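Notes for the one structure printed next.
The values are calculated or read from the model by the stated rules, or taken from the named source; none is laboratory data. Not measured: the values here are computed from a predicted model. No Cβ is skipped: glycine too gets one built from the backbone with ideal geometry, and neighbour counts run over all protein chains shown. The area values use the complete protein model at the heavy-atom level, side chains included, leaving out ligands, DNA and RNA. Shrake-Rupley method; radii C 1.70, N 1.55, O 1.52, S 1.80 Å.
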Amino acid sequence: MERSRNASPVLVRTESFAHVPDTALSDGTAILLGTRGGVSMSAQFKAAQAAVFNGLYRHRKRLLWLGLAVISGVAVAGWSVWGDKRTAHVATAPAWHVATSTPLPAQTTPEALALFRQECEAMAARRLYQQARKNCQRFTADPALAGQAHAVLAALLGAPPRQDLDAAVAHAHKATALGDARGALILALFMLSGHVDDWSVEQAQQLLERAQRQGVAAAERYLQTLALEQGCSGQAALKPMGVPLFCGARAEVLQQLQSRGMRHRLHQEDEWRDELMPGDAINAASVDLHFDVDPQEQLPRLARMRYVFDAGPQGSMVRWRELFDSLSSRYGQPGTLQRGQQAAWPMGDGTLVRLSREADQCIVAYEHLARLKQREAHLALVQDGLRQARLLAQAHAL
């Protein structure tokens, strides 16, 4: 476990949101199905290993960056944000290579570039983690290729199963400083996913605009997302603490809550969950945030925020009535009511306020119904992607 970002030094978290990259297997996998040390592999073993890779190819759309990730999130950026088409040979045309408007430095020879793509990009695209990290690190000493190498390392280290977000963010900063367009995109996604301490929406937007100008097509989609967020903020029907929390990405949600006195306690990657200490913001025992990560957008969005109130076995009914009266005064009569147990106030934009009593606790939840409905399916996709990635690594080791 590592120290939580946006938290006090004594608090901890697990890995952050991130996804496995959407990387289609290329014809280069045939290398793994041939011979080892000059000795032919048995037909039975070849067939078993081929079955693994066929399964991976069938599920290639599930190998999603989460993410920054990941992790989660992030994703974190992964390779799917740079390319949509499966390439014929990953060594010469990696799926996530992006043409930019900035020409390659004059000192970059075709031979050096081909070697970089084969030994760094191709190894990363095939998720050969140790080999890719070692090879890409070597290219960071080459002035002509250092920016690209740092960008690959940022994506590689920002995704599970071997995530190192501190190193990934550092590589994204270096790639951006060296003028790499993909590095700028990754750094922007790290910011929006909540993995960069010193950040702002304006900074993320500037990085995306820079990446767009240099030819990264995915940057346009994220710029459109930021524009939609501004419209959402003005139209949101549900604003806990006066803030449209369901409009922004995870970093914006945490920033808004922390500015109101809440402290980040921990993050659970396997559940896409954050926990905060309410402080003086509200008289609750804890605040739980549950996020969803749509694989099409790859940014963590709030699906549910819960205030948990400890009332004790004798006081839970009294506490429930107090909370019910407070919510009714703000949102009117509930749409559904089971007095003393639960009540719900549906909003016109697909969100809902829910009050419930569980044993000696009372819970006030603010929910985005569509995201909650999709959340378990999206989590299952990510877990399946991680399992497939482990199979790929195991198949390569065998």
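Here is a yes/no grid of residues against (1) assigned to a helix (DSSP H, G or I); (2) open to solvent by 60 Å² or more (accessible area, probe 1.4 Å); (3) farther than 24 Å from residue 286 by Cα; (4) modelled with pLDDT of 95 or more:
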position	(1), (2), (3), (4)
188	yes, no, yes, yes
195	no, no, no, no
199	no, no, yes, no
203	yes, yes, yes, yes
225	yes, no, yes, no
229	yes, no, yes, no
241	yes, yes, no, no
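Could you look through the stretch 293-314, keep only residues that are among the small types (Gly, Ala, Ser) and surrounded by 14 or more Cβ atoms within 10 Å (Cβ to Cβ), and pick out the one that is farthest from the chain's Cα centre (by Cα)? Walk me through it before giving the result.
Going residue by residue through the stretch 293-314, those that are among the small types (Gly, Ala, Ser) are 303, 311-312.
Applying the additional criterion that residues be surrounded by 14 or more Cβ atoms within 10 Å (Cβ to Cβ) yields 303, 311.
On the way: 303: 14, 311: 35 Å.
Among residues in the stretch 293-314 that are among the small types (Gly, Ala, Ser) and surrounded by 14 or more Cβ atoms within 10 Å (Cβ to Cβ), the one farthest from the chain's Cα centre (by Cα) is 311.
Look at the stretch 360-376 and say how many of its residues are farther than 15 Å from residue 321 by Cα and open to solvent by 60 Å² or more (accessible area, probe 1.4 Å).
First, the residues of the stretch 360-376 that are farther than 15 Å from residue 321 by Cα: 365-376.
Restricting the remaining residues to those that are open to solvent by 60 Å² or more (accessible area, probe 1.4 Å) gives 369, 373-374, 376.
Summing the residues that are farther than 15 Å from residue 321 by Cα and open to solvent by 60 Å² or more (accessible area, probe 1.4 Å) in the stretch 360-376 gives 4.
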Q. Mind checking whether some residue in the stretch 268-282 is under 15 Å from residue 365 (Cβ atoms) and open to solvent by 40 Å² or more (accessible area, probe 1.4 Å)?
A. yes
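Per-residue answers, yes or no, for (1) within 21 Å of residue 200 (Cβ to Cβ); (2) not in a strand (DSSP E or B):
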position	(1), (2)
251	yes, yes
280	no, yes
283	no, yes
295	no, yes
303	no, no
Q) From the set of residues in the stretch 353-385 that are more than 21 Å from residue 270 (Cβ to Cβ) and outside any strand (DSSP E or B), which is modelled with the lowest pLDDT? A) 359
**Q.** Output for the stretch 315-359, where each listed residue is surrounded by 12 or more Cβ atoms within 10 Å (Cβ to Cβ), over 34 Å from the mean Cα position of the chain (by Cα) and among the acidic types (Asp, Glu)
**A.** 322
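When the residues of the stretch 205-223 are filtered to those that are hydrophobic (A, V, I, L, M, F, W, C) and within 18 Å of residue 193 (Cα to Cα), which remaining residue is surrounded by the fewest Cβ atoms within 10 Å (Cβ to Cβ)?
Kept after step one, since they are hydrophobic (A, V, I, L, M, F, W, C), are these residues of the stretch 205-223: 207-208, 211, 216-219, 223.
From what is left, the residues that are within 18 Å of residue 193 (Cα to Cα) are 207-208, 211, 218-219, 223.
Values: 207: 26, 208: 27, 211: 29, 218: 21, 219: 25, 223: 17.
Restricting to residues being hydrophobic (A, V, I, L, M, F, W, C) and within 18 Å of residue 193 (Cα to Cα), the top hit is 223.
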